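For reference, the structure discussed in these notes is given below.
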Amino acid sequence: MVMQAENGVEHSSRIRIYGDAVFSSQINAGGEFEATFDDVVTLTLTLDAAERLHARLDGALPDLRRFSENT
């Protein structure tokens, strides 16, 4: 995706992260949250983006659990 100021995304790609991926995280010097998976993908989020993602993940977890139990 090309950078578009109106949606706040600089670049996006579809990735799939599995439960056995090695995960590490840190707060970088710019005050952003960085999550790295298998030293292959690093997701860097501003505070606002991290809070929004957290809220959406928290809301989706019950549905994900139910789906996982039924497959």
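Quick one: net charge of residue 62's neighbours, Cβ under 13 Å, K/R +1, D/E -1?
Combined, the nearby Lys, Arg, Asp and Glu give 0.
On the accessible surface of the stretch 20-71, probed at 1.4 Å, how many percent belong to carbon and sulfur atoms?
Answer for the stretch 20-71 is 55 percent, counting heavy atoms of protein chains only.
The values are calculated or read from the model by the stated rules, or taken from the named source; none is laboratory data. Since we're looking at a predicted model, the values are computed, not measured. No Cβ is skipped: glycine too gets one built from the backbone with ideal geometry, and neighbour counts run over all protein chains shown. The area values use the complete protein model at the heavy-atom level, side chains included, leaving out ligands, DNA and RNA. Shrake-Rupley method; radii C 1.70, N 1.55, O 1.52, S 1.80 Å.
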